[in-house]
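Enquirer: Below: one structure in structure tokens.
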Amino acid sequence: MNIAYQGEHLLPGQLGQFFIVLAFGSALFSAISYYFATTSHDKLDGKWLWMGRLGYFLNTISVIGIGTCLFYIIYSHLFEYHYAWEHSSRELPVYYIISSFWEGQEGSFWLWGFWQAVLGNILIWRAKSWEKPVLTVIALSQVLIASMLLGVEILGQRIGSSPFILLRTAVDLKASIPIFNIKPEMYKNYLQYITDGNGLNPLLQNYWMVIHPPTLFLGFASMVVPFAYAVAGLWQKRYKEWIQPCISYALFAVMVLGTGVIMGSLWAYESLNFGGFWAWDPVENAAIIPWLTLIGAVHVMIVYKNTGHSYFTATFLTLISFVLVLYASFLTRSGILGETSVHAFTDLGMFWHLVIDVAIFAAIAIVLLVVRRKEMPISKKEEETYSREFWMFVGSVFLALSCLQLVVVTSIPVWNAMFKTHIAPPSNPVTLYNVFQAGFAVVVTLLTGVTQFMKYKKTDTTRFFITTAVYIISAALITAVIVYATGVYKLHVVYILVMLGAVYSVLVNGKVLADAFKGKIKLAGSAVAHIGFGLIMVGALIAAGTSKIISQNNSGLDYGADFDKGNNSRENIMLYKHEPYKMGDYTVTYVGDSIAAPNHYFKVDYKKYDAAGNLKEEFILKPNSQYNNKMGLVSSPDTKHYIFHDLYTHISMAPLNVMQAGMSEGHEEDANDDANYNAPITHDVSVGDTIPYRDGYVVLERLNTEAHIQNIPLDSTVVAIGAILKIVSHGVTYEAEPIFMINKKNGNVFNFDRKVDDAGLKFRFSKIIPEKNKIEIMLYDQPEGKRPYIVMRAIEFPYINFLWSGTVIMVIGFLLSIFRRNKELKTI
């Protein structure tokens with residue numbers, strides 16, 4: 001039976017689905033046309049090329065159309081669409097609505113396809129003789145990306161997942177909304193019960209998540225370009241020619257993907273509460289794996305360009321890099337990492353679809369390598385041991401080995417699924433990865449310096465050893481100072497060796513950069529990039545290895561078994577509102593709250609005093625939390641940035657009533673609220689008298705004979721008197737006015753209490769004592785467990801700015817290298 005659903009806006013979804021089908025069809029048409037344009041050598045060649053371009057332009061327009069329709073649906077809060085309901089809400093500001101656009105798998109696939117469309121159009125313009133074979137590969141990639149969004153069923157199998165599926169199709173609303181079982185006829189008006197969406201994951205409500213995913217997916221998309229050039233070179237038997245243009249695109253890919261990975265680290269550092277910037281989560285590993293192999297490929301391509309050595313290695317690493325991008329997508333989207341990663345997407349039923357995607361491109365690479373194996377250029381002369389190309393090759397091999405270790409361990413769930421085994425993931429993966437990857441980093445950092453003293457083909461060994469010895473001794477002395485001053489010497493010896501390699505790399509490449517300013521300007525790009533990489537390693541080592549928990553809990557207070565599942569009670573302190581607490585060099589005070597829905601900000605005042613007790617520094621940090629029905633308390637830190645260190649603070653626990661209510665002034669309460677306080681202490685006071693209590697004092701300033709009670713009209717038969725109280729707690733002043741009301745006709749008495757939540761107090765004006773010219777005030781104070789409090793963790797990260805500044809420097813180095821390679825292309 002057809003139901004005429006009311007209030008639905010079907011046109012945007014229908015138009016969006018049309019664009020998805022068109023994107024798939026036009027990409028397939030373009031791939032086929034470009035294929036025949038590449039393989040035909042007759043008069044139809046030009047027509048095939050024209051049709052390939054037309055198909056790709058149509059695909060680009062379709063991709064833009066998909067994005068426009070989806071953004072309109074989300075921005076207009078059309079919650080009849082499952083994607084908008086699942087990932088957004090009305091309270092989200094525009095910039096977080098943008099984040100919700102790619103929070104789901106469908107949106108992120110669109111983002112990937114959008115960047116590939118942009119890159120394909122650039123290549124149509126710039127690739128020249130490479131356009132036909134290169135665009136064949138890229139258009140094929142667009143076909144597979146578009147297929148992920150189809151959301152259609154063929155022979156009982158669903159192909160892809162559409163972002164334009166209606167909510168009533170994706171969710172069993174009749175089961176979740178009881179009224180439909182009582183009155184089925186109301187189902188046609190289901191939208192009146194869907195007033196808002198689920199909202200964006202609280203962890204993603206960070207400005208870095210507005211720019212991090214576009215950058216990361218541009219990096220993923222750009223990885224197809226070097227792959228396409230390598231395939232084109234093998235396919236067309238133009239074995240040597242593809243290397244030169246490929247280097248520029250590979251440099252661009254590693255620059256953007258590397259930037260995206262570091263942006264993810266910044267997001268984790270500023271938004272997540274694990275207290276760091278890298279946790280070796282499987283999804284983090286999946287992003288860095290292809291970056292490592294393509295970095296290795298770039299260096300080996302440069303070796304081949306200059307010496308003719310290592311062609312197969314350069315080709316293999318270039319091809320495998322994009323295959324690993326697809327494998328990374330499989331890991332994060334298939335649901336196979338569901339129990340080992342907090343970042344992976346849930347399974348949308350595309351497991352085998354993703355496997356086929358990887359298999360197609362892996363098969364293309366393998367077949368071409370096998371078929372062309374005997375024709376590939378091979379240098380008959382072995383590399384000299386003391387040549388730059390030999391050690392650049394060694395460095396690339398170590399990058400590949402680093403990648404292999406990450407792949408093997410990250411893929412444990414895959415091995416279990418394939419071979420029906422039950423291998424447990426490492427119990428302490430961070431330590432395992434740190435030690436292994438640090439070992440590879442020692443070699444790589446040293447080689448980024450050593451190779452700069454070598455020449456291609458042959459090096460003067462005497463001069464090389466003298467120069468290397470001078471710089472390695474200088475680096476060792478500087479390293480000794482650094483590890484002693486920062487405490488790195490307390491770590492595993494392999495980390496000290498990494499520091500030595502990083503310092504050595506910075507020194508050597510600094511020398512090369514100085515030479516570049518003297519006229520060898522073409523060397524500047526690699527030197528700057530290597531200096532940036534060295535600084536990244538220095539900053540990461542010191543910040544992660546010597547970070548210090550300054551919120552040491554020496555009180556012996558435990559926050560409960562549930563707390564200890566995800567936190568360490570010894571590293572968290574409890575702050576009661578307005579009670580100063582000595583924490584390391586700081587005196588910290590929880591001073592207040594503010595709410596900017598859905599976030600609840602906790603204001604923590606930091607003070608630092610000198611030995612004489614004079615205030616040296618004061619600032620307020622505002623870590624925030626929100627209570628999420630699915631995830632519980634979700635907190636994001638706030639950080640005080642200094643030149644040489646950061647002070648990081650996040651909320652580990654806060655009482656639910658504080659989260660929901662925030663700051664509040666006095667208001668009426670029923671008698672049941674008395675249970676939240678200690679037994680009251682009664683005081684008979686006159687105007688001007690002081691009432692001392694545990695955390696301060698209270699002064700009765702005056703009586704208000706014209707007191708008013710909200711929503712209660714008063715007439716001549718009723719007398720209402722307010723007691724104006726000034727409360728001073730830990731140096732902070734509050735006011736409260738409890739009210740005593742009496743009906744002159746019948747003598748009935750009413751009390752209207754007033755609370756000062758920040759001070760943990762409640763006041764009741766309980767009696768007038770005219771013969772003593774006094775009144776009776778009952779003072780209720782909260783026991784410690786009931787008073788407003790937070791539990792917080794504070795960490796000091798020394799020298800972390802070396803990590804962030806190193807990233808910027810490395811990106812500048814990549815840009816300089818890209819400009820250099822593009823300039824070389826113009827001279828060919």
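Enquirer: Could you tell me, in Å, what Rg and Dmax come out for the Cα atoms of segment 344-479?
Expert: Rg and Dmax of segment 344-479, Cα atoms, are 21.3, 62 Å.
Enquirer: Along the positive direction of the dipole of the chain (beta-carbon charges: Lys, Arg +1; Asp, Glu -1; about the Cα centre), which of 559, 184, 69 reaches farthest?
Expert: Checking the options against the dipole of the chain, the answer is 69.
Enquirer: Can you tell me the relative contact order of segment 203-272? Whole percent, Cα pairs under 8 Å, sequence separation 6 or more.
Expert: Value for segment 203-272: 51 percent.
Enquirer: Taking the mean number of other Cβ atoms within 10 Å as a proxy for protection, how do you rank 620-627, 674-681 from highest to lowest?
Expert: Descending mean neighbour count gives 620-627, 674-681.
Enquirer: If you project the alpha carbons of segment 449-534 onto the principal axes, what extent comes out on each, in Å, largest first?
Expert: Result, largest extent first: 42, 27, 18 Å.
Enquirer: Let me ask something else about it. In whole Å, largest first, what are the principal axis extents of the Cα atoms in segment 743-803?
Expert: 77, 23, 20
Enquirer: Dimensions of segment 99-226 along principal axes (Cα, Å, largest first)?
Expert: 68, 42, 19
Enquirer: For segment 195-325, what D do you get in µm² per second when you plug the Kirkwood radius from alpha-carbon pairs into Stokes-Einstein at 37 °C and 0.692 mPa s?
Expert: My calculation gives 206 µm²/s for D.
Enquirer: For segment 96-153, report the % of Cα-Cα distances exceeding 17 Å.
Expert: That fraction is 46 percent.
Enquirer: Now for a separate question. Normalised radius of gyration for segment 229-269, please: alpha carbon Rg relative to 2.2 N^0.38 Å, two decimal places.
Expert: So segment 229-269 has a normalised radius of gyration of 1.67.
Enquirer: Moving to a separate point now. When you take every Cα atom in segment 548-628, what is the radius of gyration, and what is Dmax, the widest Cα pair distance, in Å?
Expert: My reading of the Cα-based Rg and Dmax gives 14.3, 46 Å.
Enquirer: Additional query: For q = 0.09, 0.11 Å⁻¹, what log10 I(q)/I(0) does segment 700-828 give under the Debye formula with an equal point scatterer on each alpha carbon and no solvent?
Expert: -0.50, -0.59
Enquirer: What are the semi-axes of the equivalent ellipsoid for segment 145-219, taken as the square roots of 5 times the Cα gyration tensor eigenvalues, largest first, in whole Å? Intermediate values should be presented prior to the final figure.
Expert: Details: eigenvalues 204, 97, 13 Å².
Gyration-tensor ellipsoid for segment 145-219: 32, 22, 8 Å.
Enquirer: Note down the accessible area of residue 106, probe 1.4 Å, to the nearest 10 Å².
Expert: About 20 Å², ignoring ligands and nucleic acids.
Enquirer: Could you work out the mean projected area of the convex hull around the alpha carbons of segment 265-334, in square nanometres to one decimal?
Expert: Numbers: hull surface 22.7 nm².
Its average projected convex-hull area is 5.7 nm².
Enquirer: Determine how many Å³ per residue the convex hull of the Cα atoms of segment 1-70 encloses.
Expert: Numbers: hull volume 6.2 nm³, N = 70.
Expressed per residue, the convex hull around the Cα atoms of segment 1-70 is 89 Å³.
Enquirer: Using only helices, what value at 222 nm comes out for the chain when you add -39,500 (n - 2.57) per DSSP H run of length 4 or more and divide by the total residues, to the nearest 500 deg cm²/dmol?
Expert: Values: 24 runs with 415 residues, N = 828.
The helix contribution divided over the chain gives -17000 deg cm²/dmol.
Enquirer: Among the lysines, which fall within straight-line cross-link reach of residue 47, defined as a Cα-Cα distance under 30 Å, with same-chain neighbours fewer than 8 residues apart omitted?
Expert: Within the straight-line cut-off, residue 47 pairs with 128, 132, 237, 240, 826.
Enquirer: Just to confirm, what accessible area per residue do you get for segment 360-447 at 1.4 Å probe, in whole Å²?
Expert: 55
Enquirer: Also: Please state the relative contact order of the chain as a whole percent: Cα pairs under 8 Å, 6+ residues apart?
Expert: 10
Enquirer: So what is the relative contact order for segment 1-140, in percent, with contacts set as C-alpha pairs under 8 Å and at least six apart?
Expert: 31
Enquirer: For segment 490-541, take the alpha-carbon Rg, divide it by the Kirkwood Rh, and send me Rg/Rh.
Expert: 1.11
Enquirer: Another question, then. At q = 0.19, 0.33 Å⁻¹, what is the log10 ratio I(q)/I(0) for segment 296-336, with the Debye formula run over Cα points and no solvent?
Expert: So the normalised log intensities are -0.56, -0.98.
Enquirer: How large, in percent, is the carbon and sulfur part of the accessible surface of the chain at a probe radius of 1.4 Å? Before the final figure, lay out each step's value.
Expert: Working: 23020 of 37670 Å².
That fraction is 61 percent.
Enquirer: For the full complex of protein chains and a 1.4 angstrom probe, list 130, 391, 804 by accessible area with the highest value first.
Expert: Numbers: 130 15, 391 75, 804 40 Å².
Putting 130, 391, 804 in descending order of accessible area: 391, 804, 130.
Enquirer: To one decimal place, what orientation-averaged projected area in nm² is obtained for the convex hull of the Cα set of the chain? Don't skip to the answer; put the middle values down first.
Expert: Working: hull surface 188.6 nm².
So the Cα hull casts an average projection of 47.2 nm².
Enquirer: How many percent of all Cα-Cα pairs in segment 400-468 sit more than 19 Å apart? Display every interim value, and only then the final one.
Expert: Numbers: 1292 of 2346 pairs.
Tail of P(r) above 19 Å: 55 percent of Cα pairs.
Enquirer: So with the 1.4 Å probe, I'd like the accessible area per residue for segment 7-149, rounded to whole Å².
Expert: About 40 Å² of surface per residue is accessible.
Enquirer: Hey, another quick one. Working with all protein chains in place, sort 444, 430, 481 by solvent-accessible area computed with a 1.4 Å probe, largest first.
Expert: From most accessible down to least: 481, 430, 444.
Enquirer: Can you list the aspartates and glutamates whose alpha carbon sits under 20 Å from that of residue 174, skipping same-chain ones fewer than 8 residues off?
Expert: By straight Cα distance, residue 174 reaches 8, 80, 86, 185, 196.
Enquirer: Projected onto the charge dipole of the chain (+1 at Lys/Arg Cβ, -1 at Asp/Glu Cβ, origin at the Cα centre), which of 813, 331, 634 gives the Cα projection farthest towards the positive end?
Expert: 813
The values are calculated or read from the model by the stated rules, or taken from the named source; none is laboratory data. Remember, it's a predicted structure, so these values are computed and weren't measured experimentally. Backbone-built Cβ (ideal geometry, glycine too); neighbour counts: all protein chains shown. The protein model used for the area step is the full one, side chains on, heavy atoms only, and it has no ligands, DNA or RNA in it. Shrake-Rupley method; radii C 1.70, N 1.55, O 1.52, S 1.80 Å.
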